[in-house]
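These notes are about the structure you will find just below.
The values are calculated or read from the model by the stated rules, or taken from the named source; none is laboratory data. In this text the structure is predicted, and so the values were computed from the model without any measurement. All Cβ positions, even for glycine, are placed from backbone atoms using ideal geometry, and neighbour counts span all protein chains on display.
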């Protein structure tokens, strides 16, 4: 079992920031990545629809015989994590709980900011995760619809990104947050800009990094860690023409994407 | 027949700029609008998929007994216009040809810039329409992925929009375009900013306005113009929860959206 791959899925390229962290933190693991690029974005779709997509993605990856599933998409994590965990035999890790847990560890004043896509913020998933753990926590959230296209455009360090970050964070900063959860898998690309705008008094929580930590720990718990020295190249599957995925995804990973195959899920 | 409504469809809210122009130019007409918000955006999807969606939308509107179909979506216009025109009995008007025709009328130096979503630019639809009409025309195009979220965010006149416009237009302006086609139904909201950045030497072509003109002229040709003085309120149909459509769409139209019903197409 340990030699089997980890399955990662997202609606598009965003989950590649989680894949990058997995390769950094547990480089001996093989990875199969599925980007449901034909149906991106999930954030604007209804919950039953997202649930159906998540099941289709999970079944596809399980057919690849993965040993663990990573739901590297905030919307799918919010909507489908519990059901996927109940339904399938392998451990399932989402992107919300690891970031929320880390935020609770680092906050001192109990004011936590959460930024994400409109869908993630509207779902209230981070707020629920944070306040279920500690009801005295104050959660201040902001949807940042420009950050995904800014990251995909390669403008994460452009003045435009800085101005947008200032707009989006203004109210959270004014309300005195000391911790900011990057609640979207695209946002780690904007980390430097966000750090500059938020200032040294605010700790950033990178949910991609925390998710990879959670994966490592789950693998260890289940004695599924693969202690191999030779890192194999990830396999990528997408549900629509791969050109854009290759181009944007390559810039996310900082290296060309190879082994990209188009598949149909529905 | 003239008393029947005009059917307008788009993948989301963008087509509302066409609806606004229709109401301005031919205020006596009733309008039924369909926003396929469950499956937005079309621009990242494959042609067979977009074609299927366009047929589903057309059939839905024809079941509402519309007298003319407006394909107020650039991707669907590029992919499906000919097939829809062949298949259905009513006149079908897309958003590409009217803008292209206007650009050919106003250019003097034959250098036409086209901006749009990644999908529209990649499709080459404007370039084809322009160069089929006049092969000596030089078409310079740029995809502007930030403009849609900027328009939807209500930041069309923000410094961020100005900076983004400068980035996107720099190369087109340097190459001496004298005409710029706003090849996306969201872009009329950014017209003022684009005018400032492009400068007085560049004529802007608003494809929403040109499409409404084309609709008026087609109705006249087919003796379908409805010369009523009482403008009825449009009916809106969407394929996913209407909250976001109402909110963003209301800001597009400058008035609250009423009569919004959720329907299923597939």
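Structural remarks
- Candidate set: region B:141-158, residues that are over 14 Å from residue A:155 (Cβ atoms) and at the interface with chain A (Cβ under 9 Å from one of its Cβ atoms); chosen: the one surrounded by the fewest Cβ atoms within 10 Å (Cβ to Cβ): B:158
- Residue match in region B:68-91 (condition: closer than 17 Å to residue B:266 by Cα, within 14 Å of chain A (Cβ to nearest Cβ) and in contact with a helix residue (DSSP H, G or I) (Cβ under 9 Å, 6 or more places away or on another chain)): no
- Options A:115, A:31: the member that is closer than 17 Å to residue A:217 by Cα and either assigned by TED's automatic domain parsing to the domain that holds residue A:257 or under 18 Å from the mean Cα position of the chain (by Cα) (or both): A:31
- Filter result for the condition that a residue is out of contact with any strand residue (DSSP E or B) (no Cβ under 6 Å at 6 or more places or on another chain), surrounded by fewer than 24 Cβ atoms within 10 Å (Cβ to Cβ), under 24 Å from residue B:41 (Cβ atoms) and within 14 Å of chain B (Cβ to nearest Cβ), over A:11, A:47: A:47
- Residues being in contact with a strand residue (DSSP E or B) (Cβ under 6 Å, 6 or more places away or on another chain) and assigned to a loop (DSSP other than H, G, I, E, B) - total across region A:90-109: 3
- When B:106, B:139 are checked against the criterion of being touching a residue at least 40 places away in the same chain (Cβ under 8 Å) and either on the phi < 0 side of the Ramachandran plot or out of contact with any helix residue (DSSP H, G or I) (no Cβ under 9 Å at 6 or more places or on another chain) (or both), a single residue qualifies: B:106.
- Single match in A:50, A:40, A:66 (criterion: without any contact (Cβ under 8 Å) to a residue 40 or more places away in the chain and in a loop (DSSP other than H, G, I, E, B)): A:40
- Residue A:224 being assigned to a helix (DSSP H, G or I), more than 15 Å from the chain's Cα centre (by Cα) and assigned by TED's automatic domain parsing to the domain that holds residue A:68: no
- From the list B:212, B:198, B:161, the lone residue that is within 14 Å of chain A (Cβ to nearest Cβ), in contact (Cβ under 8 Å) with a residue 24 or more places away in the chain and touching a helix residue (DSSP H, G or I) at 6+ places or on another chain (Cβ under 8 Å) is B:161.
- Residue B:192 being touching a residue at least 12 places away in the same chain (Cβ under 8 Å) and at positive phi: no
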